[in-house]
Amino acid sequence: MTIEHPHPQEDPSGERLVHSPCHCRRCGRVLQPGRGELYVISILAVADPYPPVYTESDLSLDVGSEIRRLIRRLGSTEADEARDEVYRREVFHLCVACYQRWIDRPAGSE
């Protein structure tokens, strides 16, 4: 979420940083940018970017029917859902305490 400010700054990725008070995504605490009390977390997830690996059985499939099958599948998928299957970016704020707990296990506990 971007909130316009008379003198916006940008982070290294080119995103505008929020200058109005915001909230910690985990605990809800009100955070004031510029006071050293928050972290901006940016997560980028992309679908497997590597070239596909084909097996002999893949190569024996009818390409036309496979394309039609994929088109049918995509036809029942909402645009946002299809986009999220290949690319998703999340940006949120954490207070210092929540960041310190989160950074050690950003994917959750295992």
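The values are calculated or read from the model by the stated rules, or taken from the named source; none is laboratory data. Model, not experiment: these values are computed from the prediction. Note that each Cβ is placed from the backbone with ideal geometry, even for glycine, and that neighbours are counted across all protein chains shown.
General observations
- The listed residues are 99, 87, and the only one of them that is over 21 Å from residue 23 (Cα atoms) and in contact with a Leu (Cβ under 9 Å, 6 or more places away or on another chain) turns out to be 87.
- Residue within segment 10-20 that is of a type in the set (A, V, I, L, M, F, W, C), surrounded by 10 or more Cβ atoms within 10 Å (Cβ to Cβ), modelled with pLDDT under 95 and under 22 Å from the mean Cα position of the chain (by Cα) present: yes
- Of the candidates 84, 48, 58, the single residue that is within 16 Å of the chain's Cα centre (by Cα), surrounded by 10 or more Cβ atoms within 10 Å (Cβ to Cβ) and free of Cβ contacts under 8 Å to residues at least 40 places away in the same chain is 84.
- Residues of segment 21-38 that turn out to be of a type outside the set (A, V, I, L, M, F, W, C) and in contact with a helix residue (DSSP H, G or I) (Cβ under 7 Å, 6 or more places away or on another chain), as a count: 2
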